[in-house]
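Read through the structure below, which is laid out as structure tokens, and then see the notes.
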Amino acid sequence: IVLGCTHYPFVKNAIEKVNSTSTIGLEPNTTYYYKMIRRRGGYDLEGDVKSFTTPIEVGYITISSLYSGPSESEQPTICSNLLLNGANIKEAGFCFSQESEKPTITNGEKKVITCNSSTSRLESKAYLDNGVKGKNTYVRAYCVTERDTIYSAESASFYLVSGFKDGFPYIDLGLPSGLKWAVYNDGSDEPTVGGKMIHEEKLSQKTSWGDNWRLPTKEEALEFIANCKLKNSWYVFHNGQSGAIEGKNGNVIYIPYGGWGNCNYYITDITDGYYWLSTKSYDWLTEELIPDIFNIDSYRKEFEITSYRNIKYAQIRYVTE
């Protein structure tokens, strides 16, 4: 195959001479002409000249933050580069979806137009109007030319949250008290990945998130139970298992499982999550006050409050006013 940029590609002026299985690099938005040549008995047998035009190249998306809140200052910036090679763009921007991992301008819940003329870089904020808070939001860059619509090969994602307190994201679950729950565990930075297993003796120490964050009380955990529901038996993620819990207002929060531990070993039960509460209950056997625990049982799809003297290690999910 002889490939060239002129209407009449010959062996001498060809930019590439390849066999039928070769891979070559081509410029975006460029028309190439090619023809088949077969040498037989000292003569070249040439096919007809045909052509194709390469599309604009839409680069990978970068997002400045994993989380996006409702205010302008809480929205991360998303960017993508375009290799145009002189192409005229009718429209370009980003499309968002909380349902499809490969959003398009037709199946996405939102489209943000960043330009309608030739450019080499797309940049916008990542906010999705009216999206469910706590859900993963997918975004892809796109551009529309007179010939077709081109998308970035891969999508990127961020979590839409209700807001931030001291730099940490929270979800409003529509609880009667107005209490907000943290998006992720202490010791983690992802909603679906468990954090540190904290020893009982460290519960009295000041939270590392600042004065505006604290452990929930037994009463607040009961409010959570009365107004939220576990949507699934479990979600399996690349780093572990996590329960998807829907609040009274439809927003979603993920609570990772991970079991509990005593003084000697951990029970890494992937179907249960154990979380410390700030309140204590009286243990009749030891005649001591021991910390309350918020337990999520994914197998039975139940929540419960317990206090078990053998539990010395559990996880932490903070709350804020």
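Just so you know, all these numbers are worked out from the coordinates, no wet-lab data involved. Everything numeric here is computed off the predicted structure, so don't read it as measured data. Counting neighbours? That spans all protein chains shown, and the Cβs are built from the backbone with ideal geometry, glycine included.
A few remarks follow.
- Tensor-based shape of the chain (alpha-carbon gyration tensor, a/c under 1.5 rounded, otherwise prolate or oblate): prolate
- Loop-resident GluC sites (Glu not before Pro) (DSSP state other than H, G, I, E or B) in the stretch 73-135 with no more than 14 further Cβ atoms inside 10 Å of their Cβ: E99, E101.
- Assigned charges on the beta-carbon of Lys, Arg, Asp, Glu; the chain dipole about Cα centre (debye): 1260
- The chain: relative contact order in percent, alpha carbon pairs under 8 Å with at least 6 residues between: 13
- Cleavage-rule hits (trypsin sites (Lys or Arg not before Pro)) in the stretch 274-321: DSSP loop, at most 15 neighbouring Cβ within 10 angstrom: R300, K301, R309
- Under Karplus coefficients 6.51, -1.76 and 1.60, residue-wise ³J(HN,Hα) of the stretch 126-133 in Hz, glycine/proline x: 9, 6, 10, 4, 6, x, 6, 6
- Mean-position separation - Cα centroids, the stretch 289-309 and the stretch 118-157, in angstrom: 42
- Euclidean distance of C-alpha centroids, the stretch 61-84 and the stretch 203-218, integer Å: 31
- Where trypsin sites (Lys or Arg not before Pro) fall in DSSP loop in the stretch 118-167, at most 13 other Cβ within 10 Å: R147
- Nitroxide proxy distance, nm - points 7 Å out along Cα→Cβ at N227 and T54: 5.6
- Gained length - N116 relative to E200, 0.36 nm times residue gap less alpha-carbon distance: 24.4 nm
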